[in-house]
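Below is one structure; the comments refer to it alone.
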Amino acid sequence: MGRVNGHHETVISGGRVWTRGELVETDVGIDGGRIARIGGRLDGAERVDAQDLWVLPGVIDGHTHMEAAAFGLHSRDTFESGTRAAAAGGVTTVLDFTAGSAESTLAEQVQARVAAARRAVVDIGLHAEIVGWRSDRAYEIAEAVRMGVTSFKFYTVYAEPSNPSQLADAFRVIAAAGGVAMVHAEDAGLIQTATEALPRGARLHMTSFPRSRPAASEAAAVSLVCQLAEIAGVRVHFAHLSTGAAVDVVRNAKARGLQVTAETCPHYLLLDERAYATADGRQFSVIPPLRSPEDQSTLWVALADGTIDSVATDHCPFVRAEKDHGDDVLSIPCGLPGVETLLPLLHSDGMVARGLSLDWLVRALCENPARIFGLAPQKGQVEVGADADLVLFDPRRAWTLSAGNLHMGADFSPYEGRRVRGAVIRTLVRGRTVWADGECCVEPGWGRFVPRSQALI
Ligand SMILES: [Zn+2]
C-alpha cells in the first residue's frame, strides 16, 4: 500500500494510536484515503500533530434518522447538518434508514435515500425499512443486498407493524440472502393494554408516558423475535434495548447459540424515567421510554460483559416547540439528538466514571457495529488497508455540555449542563479532515454511500 520510503499524502504524527488492541505511540501514514502504514517517524505532505491525543477509529453510529418523516413532522437534521454534527462528535459513518413503503421497491427506496444523502460530510450506509411484508416481494431482499444494503429493519409496533408470520417469512428470506434482521421490539398488545389502563386525565402528565410502554412489552417482543429468528436461522440485531428484562432474554439467546446482537443508546445509559417528573419532562419523549435506575445499571453490566454489543444513538432531533405542542403527552414527537455527543459521553460515563477500558469503548462504538453491519475490515479499526476514518481525541479535556455548543438540529440537549471528560479535536473520513478546531473542513458531499457486505458476527 504505502510507498516504501514513506512520503505519504498525510501523516498523523506523535499520537497514541489504538491499533490491534492497544495504545501505541506511533505515526499513521495515509494514501488514497486509506491507512498505508503504521510506524515511527513517517513523512507526509500534510502533517497532523496528534501530540497528547488518542488516535482512534472513527465512530460508527449504527442508528440515525436524518431528515426522516416521523410523528407527522420531520426530524430536524438534514443529512448535511446531521453528518456535520456527526463529524464534530468523531462519528465517521452513520447508518440511517430507507423510508419503507408498499408503493415502491426496496431498490427504489435505497436510491431515493442515497440521493437524499448526497450532501453528507461523513460516510453513510442504509438499513432497509420493511413495512407491509409480502412474500411475493422476497426478490427485493436479494436485490437490496446486491446494492450493499444488508440489514432490514422491522417494527413490531407503530402504524404498520410486522406480525409474527410476516417476520418468520421475511427472516427466512433474509437468512438465505446473508442479511441481518434489525428489530424494533415492543409488544403492541401490551402497550395498547397499558395505554387503555391509564386513568382519566393521566395523558396530561408526562409521568404517564413510560407507563404507557411498560418494560414487559420490550422483553415480550424480544423473546418472540428470538424464537422466530431461531426457527428461521437468521441473524437478528435488536435496536435500542432499554430494559433489564430484555437483556436477560438476549443473554439467554446468546447462550443458546443464536446469532443475536443488541444495541442500546446513550439516553438509556445516562438518563432515567425520573426525568419525566421534571419541568422539562416533555423533552425526554423517546421510544422506548427512559427506564428505571435498576434497568440502567443492568444495561451497563450487559455492555461491560458483551451481552449488549454496541451503542448507537437513534439520533432523531426535534425542537422544544414541537415537544411542547399539545396537551396529550402520548402525542408528543418522540426522539432525542445524540450523534454528536455519543463518543464524549460514553468516554466520560463509561471509562472515566465507571472504569471501563478503552478496548471496551472501541468495541462498542467502532469494532462491533462494523462487524455486525458488514463494514469490517474496511471500517471500525486502525489497521493498514482500512479506510483512514480517524478521530483525534483528547481524553483529558473537560467541558460543559450545552445545546449552545453543539451542532445538532435540536434547540435543547437532554444532557444540558453535564460536565464531560474527553473532547474530539479532529475527525478524518477517508484521510480527509472533515472537522477540526470547531469547524467543518469539507464541502457538502464528501460523505459517500458505503455498500456493505455480510456480517462477520
Ligand atoms: Zn430509530
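Where a number appears in this text, it was derived from the coordinates with a stated rule and is not lab data. Treat the numbers as computed from the prediction; the structure is a model and nothing was measured. Ideal geometry is used to build each Cβ from the backbone, glycine not excepted, and the neighbour counts take in all protein chains shown.
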query: From the backbone phi of the range 79-94, what are the Karplus-calculated ³J(HN,Hα) couplings (6.51 cos²θ - 1.76 cosθ + 1.60, θ = phi - 60°) in whole Hz, Gly and Pro given as x?
result: 4, 5, 5, x, 7, 5, 5, 4, 4, 4, x, x, 8, 9, 9, 10
- request: Provide the per-residue ³J(HN,Hα) series for the range 410-418, in order, calculated from phi with Karplus coefficients 6.51, -1.76, 1.60 and θ = phi - 60°, each as a whole number of Hz, with x at glycine and proline positions.
  value: 10, 9, 8, 10, x, 10, 3, x, 6
task: Could you let me know the centre-to-centre spacing of the range 110-156 and the range 404-457, using Cα atoms, in angstrom?
output: 23
- line: Extension length gain for His325 and Ala102 (0.36 nm per residue less Cα distance), in nm, is 77.2 nm
message: Can you give me the C-alpha center-to-center distance between the range 299-321 and the range 181-203, rounded to a whole angstrom?
response: 21
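Can you give the FRET efficiency to the nearest 0.05 for Leu204 and Asp49, using r as the Cβ-Cβ distance and R₀ = 60 Å?
Using R0 = 60 Å, I get an efficiency of 0.60.
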query: Rounded, prolate or oblate: which fits the range 120-185, taking a ≥ b ≥ c as square roots of the Cα gyration tensor eigenvalues, rounded meaning a/c under 1.5, else prolate when a/b beats b/c?
result: oblate
query: Do any trypsin sites (Lys or Arg not before Pro) in the range 120-169 lie in a DSSP loop with no more than 16 other beta carbon atoms within 10 Å, and if so, which?
result: Arg134
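Evaluate the charge dipole of the chain about its Cα centre and quote only its size in Debye, nearest 20, assuming +1 on the Cβ of each Lys and Arg and -1 on the Cβ of each Asp and Glu. Don't skip to the end; give the middle numbers.
Numbers: 44 positive and 55 negative charges, 105 e Å.
Using only the charged Cβ atoms, the result is roughly 500 debye.
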- prompt: Does the range 58-372 classify as rounded, prolate or oblate by the C-alpha gyration tensor (a ≥ b ≥ c root eigenvalues; a/c under 1.5 gives rounded; else a/b over b/c gives prolate, otherwise oblate)?
  reply: rounded
query: With labels modelled as points extended 7 Å from the Cα through the Cβ direction, what inter-label distance (nm, one decimal) is found for Ala216 paired with Ala70?
result: 2.8
Formal net charge of residues neighbouring Arg211 (Cβ-Cβ distance under 11 Å; K, R +1; D, E -1): +1
task: Count the DSSP beta bridges whose two residues both fall in the range 58-372, then state the antiparallel fraction as a percent rounded to the nearest 5.
output: 5
task: Name the residues whose placed amide hydrogens come within less than 5 Å of the amide hydrogen of Thr10, ignoring near sequence neighbours (fewer than 5 apart) on the same chain.
output: Ile30, Ala45, Glu46
message: Which of the three applies to the range 71-198, rounded, prolate or oblate, going by the alpha-carbon gyration tensor with a ≥ b ≥ c and a/c under 1.5 meaning rounded?
response: oblate
- line: Once amide hydrogens are built 1.01 Å from N within the peptide plane, the residues lying 5 or more places from Lys153 or on another chain with amide H under 5 Å from its amide H are Ala128, Glu129, Ile130, Met182
